[in-house]
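To start, the structure itself, in C-alpha cells.
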Amino acid sequence: MDIYNFLNVLDIINTEKGETEFSKISSSYGVYLERTGNFMVRGRVNSGEITPEQGIKLISLGRRLNKESIHITTRQDIQFHDISKEELKITAKELEELGFSIVGTGGNTIRNIVISPKSGYENEEFDVSFHVKEVSKKLKDAGIKNDFPRKYKIAFSNNETDDVNAQINDLGFIAIKKNDIKGFKVYGGGGMGKNPRLGILLQDFITEEEVYVSITAMAELFNKYGNRENKHKARIRYILDNFGETKFKEEYLKLFFEKSKEKDLKLNLDNSSNKFEYTNKENLYLHPLHGKLKINDLEKIINFIKEIKYKTKLRLTNTQGLYILGLNKEDQKKGEEIFYDLYNQHKVLSLTACTGASTCTLGLLKTDILVKEIIEFLKSKNEKVLEILPNIGISGCINSCGQHLIFPIGFMGKKRKTENGNQSDIYEIFLGGRRAEILKIGESYGDIERSKIKDFLFYLGEKILESKKDYQTFVDENKIEIENFLNYFK
C-alpha cells in the first residue's frame, strides 16, 4: 500500500471497529497511538539530511499544527507528537511531499537507514551518503517491504571507527578500501533490546555496488527463517542464535551469491551530480534537550545556513542531535555563540533518551523527568565533574530506544513493587558501553531508584577525579569499588 492509499485508510479510525483495523497497519506508516489518545507521526529522513528548503516547509507545517517542537529520533528520523485524528491526513501528506515519507518508519518494515553523521566531512574511507541515498531510492521504487516477522534495521559507517554502530544493527556496512577499490565489511545479526548482541562478520569485503545485493539477501533470509509465531523472538539476531554463527553465515552467503546474479540489484553509482569537494571541514554539533528541536530553533538554524555563501549540510544524528557540516572556523565559532543553548561543551549534558511513558504506550517510566533532574543537578555542581563524565543513554523500558546499552553510562526503566504495594520508579544501570572504535555492550550493575541517580552520577564523577584517570579506565579497573558505593544509592 502506498502513502496515498494509506491516507484513505485514515478515514476508518472514526469508529471503534475502525480503530482496531487501523492499528494493524498504521505502525508500518510510522503512525502510533499515544497515551493522550492522539498520535505520533514519524517521517523518514533519507541519510539524515534536511535541506534549507525542506526545513522552511517543515517549520511551516509545525506552526500550522501548533507544535512547539519536532522530535529527532535515534534513527535520524523526525516525529510530530500529539497529532489529532483530524490532523493525521495533512501531517502524513505534507511529510510525504516534503520528502520525509512515513512509509516504512515503523512496524515490520525496513526502517530508516542510519549513516555516520559526519560522512563527507571528516577523515574517512569515503562518503557513504551516496550509497544510502541510492539504496533508499531502490527500496522506495521496489515498495518498502512491510511483511517481515519484525523490523529490519540497517546502518552504514564511513570508517572502522563505526560511530553509527553498524555492528549492532540487523545488517551493518563499514566502509573500507581494498587495493584502492571502495567496498564494505558486512556485519549481521546484531541488535539491542532484550538479549542484545553484536553482529558477526559475514563478509570482509564486498564492492560498493553489491550492498543492495546484501540487503536483499538478508531480507530473504529474514523472511525465510524469521519467527512469525513469537514476536519477542522475531528479530534476525534470534536466527543467528538458533543457527549458530557457521550456519547463519552459510545461509546468508548462499542467498548473497544467488542474488548477485541479478543485475538490477547492483547499485548504480555513476550519477555523481551530488558529489563535490568540501572546502571546509569544521562541524558544529547541536543537541536539543531530549531530542526536542524547537521550531524557533530550527528556523534560526535554517537562517544561519542560508546566510552562508559556501556549501554546507544539515544532518541529523543517531544521538538525537544535529550537525551543521562543512563550516569554516569563523562560522563555526559564530554558530557556537548563536546556538549557545543548543551547544553543550560537556558530553554528560547531551543526554540521549527515548520519549518514555509521557507519550509512548510501551514506555514504563517518564524519561523526561530523569533527564531534567540530571541536567539541573549536575549544572549546579563542580565544573570538573561535568568535564569527566561521559555521554548517557536512557530508555524508558527494555526496548532500548534510548540506546542505553552502548552508552558509557546507560539507564533502563523498570518498576518495582514497594512494601505497601505501590510501585516505585527504578532504573537498571549499565556501565562501560562503547559506541565507537571497539563497540561494546555495557555491563549491568543492578537497579537504582530514579530519585538517587543524579547523586550517584555526581559521586561517580568525584571518584573518577580522585583517581586521576579517565572514565573508561576507571570503570574497567574498579568494578568492585563501583559495586560497593552503588549499594548506597539502591
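The values are calculated or read from the model by the stated rules, or taken from the named source; none is laboratory data. Everything quoted here is computed from the prediction, not taken from an experiment. Quick reminder, even Gly has a Cβ in these numbers, built from the backbone with ideal geometry, and neighbours come from all protein chains shown. Note: areas computed on protein heavy atoms with side chains; ligands, DNA, RNA excluded. Shrake-Rupley method; radii C 1.70, N 1.55, O 1.52, S 1.80 Å.
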Do we find a residue being closer than 30 Å to residue 120 by Cβ, exposed (fewer than 12 other Cβ atoms within 10 Å of the Cβ) and out of contact with any Gly (no Cβ under 8 Å at 6 or more places or on another chain) anywhere in segment 282-299? no
Members of segment 372-388 found to be surrounded by fewer than 21 Cβ atoms within 10 Å (Cβ to Cβ), within 28 Å of residue 77 (Cα to Cα) and aliphatic (A, V, I, L, M), listed by number: 375
Pick out the one residue from 213, 186 that is touching a residue at least 24 places away in the same chain (Cβ under 8 Å), in contact with a strand residue (DSSP E or B) (Cβ under 6 Å, 6 or more places away or on another chain) and either under 22 Å from residue 234 (Cα atoms) or assigned to a helix (DSSP H, G or I) (or both). 186
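Would you confirm, using the coordinates I've provided, whether residue 479 is charged (D, E, K, R) and either under 22 Å from residue 369 (Cβ atoms) or open to solvent by less than 30 Å² (accessible area, probe 1.4 Å) (or both)?
Working: charged (D, E, K, R): yes; either under 22 Å from residue 369 (Cβ atoms) or open to solvent by less than 30 Å² (accessible area, probe 1.4 Å) (or both): no.
No, not satisfied.
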Look at residue 447 and say whether it is open to solvent by less than 80 Å² (accessible area, probe 1.4 Å), at negative phi and not small (Gly, Ala, Ser). yes
Selection status of residue 85, over 25 Å from residue 353 (Cα atoms) and either surrounded by 14 or more Cβ atoms within 10 Å (Cβ to Cβ) or at pLDDT 95 or above (or both): yes
Screening 426, 464 for residues that are surrounded by 16 or more Cβ atoms within 10 Å (Cβ to Cβ), within 15 Å of residue 391 (Cβ to Cβ), touching a helix residue (DSSP H, G or I) at 6+ places or on another chain (Cβ under 9 Å) and touching a residue at least 24 places away in the same chain (Cβ under 8 Å) leaves only 464
Exactly one condition in (1) open to solvent by less than 30 Å² (accessible area, probe 1.4 Å); (2) modelled with pLDDT of 95 or more is not met by residue 148; state its number. (2)
Sort out which residues of segment 1-48 are touching a strand residue (DSSP E or B) at 6+ places or on another chain (Cβ under 9 Å), charged (D, E, K, R) and at pLDDT below 90, and write them in order of number. 19
Looking for whichever is in contact with a strand residue (DSSP E or B) (Cβ under 9 Å, 6 or more places away or on another chain) and within 24 Å of residue 269 (Cβ to Cβ) here; the options are 125, 96, 134. Which one fits? 125
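For (1) under 23 Å from residue 148 (Cβ atoms); (2) under 17 Å from the mean Cα position of the chain (by Cα); (3) part of a loop (DSSP other than H, G, I, E, B), each residue gets a yes or a no:
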position	(1), (2), (3)
79	yes, yes, no
90	no, no, no
93	no, no, no
105	yes, yes, yes
112	yes, yes, yes
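Would you be able to say whether some residue in segment 225-245 is open to solvent by 100 Å² or more (accessible area, probe 1.4 Å) and either over 28 Å from the mean Cα position of the chain (by Cα) or of a type in the set (Gly, Ala, Ser) (or both)?
Taking segment 225-245 and keeping what is open to solvent by 100 Å² or more (accessible area, probe 1.4 Å), we get 228-229, 231-232, 242, 245.
Of the ones still in play, those that are also either over 28 Å from the mean Cα position of the chain (by Cα) or of a type in the set (Gly, Ala, Ser) (or both) are none.
Taking every residue of segment 225-245 in turn, none turns out to be open to solvent by 100 Å² or more (accessible area, probe 1.4 Å) and either over 28 Å from the mean Cα position of the chain (by Cα) or of a type in the set (Gly, Ala, Ser) (or both).
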Restricting to segment 350-369, count the residues that are in contact with a helix residue (DSSP H, G or I) (Cβ under 6 Å, 6 or more places away or on another chain) and in a helix (DSSP H, G or I). 4
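Tell me the residue from 257, 222 that is over 27 Å from the mean Cα position of the chain (by Cα) and not in a loop (DSSP other than H, G, I, E, B), please. So that I can check it myself, show each step before the final result.
Working: 222 fails: over 27 Å from the mean Cα position of the chain (by Cα).
The conditions single out 257.
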Mind listing just one residue for me: the one in segment 424-471 that is under 25 Å from the mean Cα position of the chain (by Cα) and of a type in the set (Val, Ile, Thr) and, of those, nearest to residue 115 (Cα to Cα)? 438
Quick check on my filter: what residues within segment 314-349 are hydrophobic (A, V, I, L, M, F, W, C), touching a residue at least 60 places away in the same chain (Cβ under 8 Å) and assigned to a strand (DSSP E or B)? 314, 316, 322, 325
Before we move on, is residue 242 of a type outside the set (Lys, Arg) and touching a residue at least 24 places away in the same chain (Cβ under 8 Å)? no
Subset of segment 151-176 that is open to solvent by 10 Å² or more (accessible area, probe 1.4 Å), touching an Asp or Glu at 6+ places or on another chain (Cβ under 7 Å) and part of a loop (DSSP other than H, G, I, E, B) - its residue that is farthest from residue 124 (Cα to Cα): 153
Checking 304, 205 in turn, the sole residue that is part of a helix (DSSP H, G or I), touching a Gly at 6+ places or on another chain (Cβ under 8 Å), open to solvent by 10 Å² or more (accessible area, probe 1.4 Å) and aromatic (Phe, Trp, Tyr) turns out to be 304
Residues in segment 99-111: is at least one closer than 23 Å to residue 317 by Cα and without any contact (Cβ under 8 Å) to a residue 40 or more places away in the chain? no
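Would you point out the residue of segment 90-137, among those that are among the β-branched types (Val, Ile, Thr) and open to solvent by 10 Å² or more (accessible area, probe 1.4 Å), that is farthest from residue 176 (Cα to Cα)? Even if it seems obvious, please write down each step before you answer.
So in segment 90-137, the residues among the β-branched types (Val, Ile, Thr) come out as 90-91, 102-103, 105, 109-110, 113-115, 128, 132, 135.
Narrowing the set further to residues that are open to solvent by 10 Å² or more (accessible area, probe 1.4 Å) leaves 90, 103.
On the way: 90: 43, 103: 31 Å.
Filtering segment 90-137 for residues that are among the β-branched types (Val, Ile, Thr) and open to solvent by 10 Å² or more (accessible area, probe 1.4 Å), the one farthest from residue 176 (Cα to Cα) comes out as 90.
Out of the strands (runs of 3 or more DSSP E) lying entirely within segment 16-72, which hold 2 or more residues that are under 24 Å from the mean Cα position of the chain (by Cα) and free of Cβ contacts under 8 Å to residues at least 12 places away in the same chain? Let's see the steps before the verdict.
On the way: elements: 31-33, 39-43, 69-72.
Passing ranges: none, list empty.
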